[in-house]
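Everything on this sheet refers to the single structure shown next.
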Amino acid sequence: MSLYGIMRTSVSGMNAQANRLSTVAENVANVNTTGYKHGSCEFSTLLLSNCPGDYESGSVMTDVRNHISSQGSILNTASVTDLAVGGDGFFAVSDDDGTPYLTRAGSFVPNGDGDLVNAAGFRLMGYRLDPDQPNITVNGFTNLTPVNFEDLALSAAPSTSGSFLANLPAGATAIAGADLPSLNLAGSQYTAKSSLITYDNLGGEVLLDVYFSKTGDNAWEVAVFSADDAAAGGGFPYASGPVSTAALSFDSVTGGLAVGSASSIDIAIPGGQNFALDLSDMSQLSTSYVVLSAEANGNAPSGAELIDIGRDGLVYATYGNGTRVPVFRIPLAHVTSPDMLTPLAGNVYTASVDSGDVEIGFAQEGQLGSIISGALEQSTVDLASELTSMIDAQRSYTANSKVFQTGSELMDVLVNLKR
Amino acid sequence: MATLSSALNYALSGLSVSGAQSALLSRNVSFAGEENYSRRTAEIITLPGGSASIGGYGRSMDKLLLDKLLEAAGSAAGRQVVFDALSRLGATVGDPQDDGSLAAMIGNLQQGLRTFEADPANNALGASAIEAARALADKLNQMSGEIVAVREEADKAMAASVERINTLLGQFKVVNDAVVRGSGTAADLGDSLDQRDSILKMLSEEVGIRVVTRPNNDISIYAEGGAVLFEGSPRSVTFATTANLLNGGAGNAVFVDGVPVTGPAAAMPVTSGKLAALATVRDETAVLLQRQADEAAAVLIRNFSESDQGGPPAGPDVAGLFIDSSGGPLPLPGQTPPGLASRLAINPLGDPAAGGNPMLLRDGGFGGSSYVYNSTGASSFQERITGLAQSFDVTVSFDPAAGLGSTASLKSFSIQSASWVEAQRQGAQQAAESAGAMKARAGESLLRVTGVNIDQEMAALLDLEKTYQASSKIISVIDAMLASLLDAVR
């Protein structure tokens, strides 16, 4: 029955080439699809058991490969929420039902609810960072929420820590004990004064007046007052005593804080949190009073005005007062064998038995790569190779059909043996 | 993946980068020569995969040079203010060579007395000596008025300066917030940064400042001495104009963040910038000159005062020709009341214009009959006039607080006063010139770093043109290649 075998074999060959042409067609159609990974066909033989001297032709099997792990070239766009992955990771997205998928198509725009959705309508998932660090589940999508900038409307953070770095003048005249600011008298004297803006629980600005007074050789007193309590026109006496005081002692050799000296001052911000002001880098050298840096965290309630996304996937919201706070972290997902992922409509993939389980990590960790904001990953399709495959497939298809034709003609001859 | 399609993408990214660079370049060129514009550059980065992209915008700036300029601007503005004020004060004291100067007036009076001394019976000569005395008193009144005017103007200028500082700090908040918001993103912050630096330059002219950079390119501004001007938000700078500067006391202090920064009670004083210079003029230079005028007036009153001529002198010394118009007692050495020069007047008893008798100058008796020196009523009595005429050359004591030593004759005191002002003025002129030159140098050095060099921009433009041409050539070649492949499909 080898003539039938020839015809069946050539039919399988034509089917295989048709499959190949199908992948070419799909590739060419998606030549401009963001995040598209091109497919190709691999063929394998299917042989029958043959007795010596008699050969029964086998056929060919098609295996469609998706080159999901290949990196598309990255092209700039003008939108911050256009994201591309340079590396092996995938964005975690979900459909309307909440089913999680993986994708590399990162053209995200906010929808009516404020969720970031890509061209195929899948929501970008991320970890919400406030108030606590995210609880990351390595092997699943739990705790992921859609990245949404709408509910960032107002955010306030009380101040909890800060630092003050200044040089206190070693040659200053010591202030008499009865005139020290800590006593809060009308004629209180001080060597230097600074002030620092902090925020209470509701984000209200609390201006702290910080007085430095030399009490003796290498000994200083720090007294912190709430500026709201200041006498009319500013200064002493304050309506209530110092919020906090500390004694600093300096090393007469190095000019830095002496061993055993207080190196920070804890301030209970009125209506706010405990604020630790780090003074450990203060110095006392023979020059004038110079402030080198003064910082405090916290921010006033204000709406998010600007969003930007770092390469590590941290989404920062910048508030009206200039404070920049990370609000989301976009994770990247990874599987052991990306090429074995099951592709679904909309450039998304889902884990299959062969691909291995989904693992969640962050950008710039391991091989996951980095998230590039304001850029899109182009389709990996190369027109030139698709066109050559097409020509090749056309020729192969024609060759197969010739084999079929020959088999058919031979059958014809055979059938015509009997008149 | 190196394929034809990715080659197209690379060429496309090259085109867009060249486009962005040309936009930047044309901006640079249009702002060439602008003092507050810093040259912008684009940082080109390679994205993973290989295409080119603008990674951020750079701005030529040298913080050290800017700090230097801020320092120089403050000291130049301050010294110019001191110089202007001293020029004005110098004009009121006058060059001793000129007729209108204080020294010339004293000389005139002495001359008038000498003439009267030669012919003591001549009523008209007495009257003209009184006229010379009146001119001298007027001169001291006018000097005192001018000094107070200088002080009052300085006081008003301080109020204006404080208002300007508050306005600038308000503007600074807006621009600084924009910078902080945008830093860390790829946004082009050049405009905000330029504005911020130009506000700093203006601010440093008003008051000496120190700039501290915080995370996110946030800037805090501290006044010299360390008082906080801006940290997150502007601190209040307050000043109330001084109501009365006539009494020779210091004016009100400027408060920054509740700390006095000018005047004798300054806890954290500022030393450069207009504000500090105005305070120096108001509270030091002009006050010292006022004290000198007051001392001259006090010595005049004392020199012309009369003592009781009775057997044992019964009454105290009383004022003679020159009096304190407010009726104050005879000023004792070292106890000159402030503002005396403004109240110096001619005793109406000896003023012919007020119906007085100029012969009291010859005979004495402004203080009553017991103070008459010419007891016989002789018309040739010269002793009193001689004594008065010589008094200008007699060394007397002066309050050292006036800054011209403790003893001098009135004549030499008036010349010393004039040369003191002149020396101060010249010193201030030199200081203002050198500070101005320093500022100009600092500005030039900064401009060399931040300014736009047209030659450099044009050379870059040629480069850009070539790059753009090359990218477009690549695109057309790839197009031709794909076309030939498509032709192969039949």
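Would you mind stating whether B:VAL150 is at pLDDT 90 or above and either under 31 Å from the mean Cα position of the chain (by Cα) or basic (Lys, Arg) (or both)? It is true that B:VAL150 is at pLDDT 90 or above and either under 31 Å from the mean Cα position of the chain (by Cα) or basic (Lys, Arg) (or both).
Considering segment A:324-345, the residues that are touching a Gly at 6+ places or on another chain (Cβ under 8 Å) and in a loop (DSSP other than H, G, I, E, B) include one that is nearest to the other protein chains (Cβ to nearest Cβ), namely A:ILE330.
Mind checking whether some residue in segment B:69-82 is under 25 Å from B:ALA460 (Cα atoms) and either surrounded by fewer than 20 Cβ atoms within 10 Å (Cβ to Cβ) or away from chain A (no Cβ under 14 Å) (or both)? No, the conditions are met nowhere in segment B:69-82. Taking the listed residues B:VAL212, B:VAL207, the one that is within 10 Å of another protein chain (Cβ to nearest Cβ) and touching a Ser or Thr at 6+ places or on another chain (Cβ under 8 Å) is B:VAL212, with no other qualifying. Among the residues of segment B:383-413, those that are touching a Leu at 6+ places or on another chain (Cβ under 9 Å), buried (at least 16 other Cβ atoms within 10 Å of the Cβ), touching a residue at least 60 places away in the same chain (Cβ under 8 Å) and closer than 20 Å to B:ILE130 by Cα comprise B:ILE385, B:LEU388, B:ALA389, B:SER391, B:PHE392, B:LEU410. In segment A:47-73, of all residues being within 14 Å of chain B (Cβ to nearest Cβ) and in contact with a helix residue (DSSP H, G or I) (Cβ under 9 Å, 6 or more places away or on another chain), the one that is farthest from A:GLY346 (Cα to Cα) corresponds to A:SER73. Looking only at segment A:73-81, decide whether some residue is surrounded by fewer than 17 Cβ atoms within 10 Å (Cβ to Cβ), modelled with pLDDT of 90 or more and on the phi < 0 side of the Ramachandran plot. The answer is no, given that none of the residues of segment A:73-81 is surrounded by fewer than 17 Cβ atoms within 10 Å (Cβ to Cβ), modelled with pLDDT of 90 or more and on the phi < 0 side of the Ramachandran plot.
Out of the residues in segment B:168-192 that are among the aliphatic types (A, V, I, L, M) and in contact with a helix residue (DSSP H, G or I) (Cβ under 6 Å, 6 or more places away or on another chain), state the one that is farthest from the other protein chains (Cβ to nearest Cβ).
Among them, the one singled out is B:LEU168.
The residues of segment A:277-316 that are among the hydroxyl-bearing types (Ser, Thr, Tyr) and either in contact with a Pro (Cβ under 6 Å, 6 or more places away or on another chain) or at the interface with chain B (Cβ under 9 Å from one of its Cβ atoms) (or both), listed by number, are A:SER288, A:TYR289, A:SER293, A:TYR316. Number of residues in segment A:171-210 that are more than 35 Å from the chain's Cα centre (by Cα) and surrounded by fewer than 19 Cβ atoms within 10 Å (Cβ to Cβ) equals 14. Residues in segment B:119-156 that are buried (at least 18 other Cβ atoms within 10 Å of the Cβ) and either touching a Cys at 6+ places or on another chain (Cβ under 7 Å) or not in a helix (DSSP H, G or I) (or both): 1 in all.
For segment A:372-416, which residues satisfy the criterion of being closer than 30 Å to A:VAL80 by Cα and polar (S, T, N, Q)? Within segment A:372-416, A:SER373, A:GLN378, A:SER379, A:THR380 meet the criteria. On inspection, B:SER380 passes the criterion of being in contact (Cβ under 8 Å) with a residue 60 or more places away in the chain, surrounded by fewer than 19 Cβ atoms within 10 Å (Cβ to Cβ) and in a loop (DSSP other than H, G, I, E, B). Residues that are part of a strand (DSSP E or B) and of a type outside the set (D, E, K, R) were ranked within segment B:311-332; the one that is surrounded by the fewest Cβ atoms within 10 Å (Cβ to Cβ) is B:VAL318. Based on what the data block shows, is B:THR450 in contact with a Ser or Thr (Cβ under 8 Å, 6 or more places away or on another chain), in contact (Cβ under 8 Å) with a residue 40 or more places away in the chain and hydroxyl-bearing (Ser, Thr, Tyr)? Considered against the rule, which asks whether it is in contact with a Ser or Thr (Cβ under 8 Å, 6 or more places away or on another chain), in contact (Cβ under 8 Å) with a residue 40 or more places away in the chain and hydroxyl-bearing (Ser, Thr, Tyr), B:THR450 comes out as yes. The criterion of at least 3 residues that are in contact with a strand residue (DSSP E or B) (Cβ under 9 Å, 6 or more places away or on another chain), polar (S, T, N, Q) and over 26 Å from B:LYS173 (Cβ atoms) is met by the following strands (runs of 3 or more DSSP E) wholly inside segment A:194-291: A:244-249. Examine segment B:474-482 for a residue that is over 27 Å from B:ILE147 (Cα atoms) and of a type in the set (D, E, K, R), and state whether such a residue exists. Yes; the residues of segment B:474-482 include at least one that is over 27 Å from B:ILE147 (Cα atoms) and of a type in the set (D, E, K, R). Just a yes or no: is a residue in segment B:274-283 among the polar types (S, T, N, Q) and either outside any helix (DSSP H, G or I) or farther than 19 Å from B:ALA160 by Cα (or both)? No, the conditions are met nowhere in segment B:274-283.
The values are calculated or read from the model by the stated rules, or taken from the named source; none is laboratory data. Remember, predicted model here, so these are calculated numbers, not experimental data. Here the Cβ is made from the backbone with ideal geometry for all residues, glycine too, and neighbour counts use every protein chain on show.
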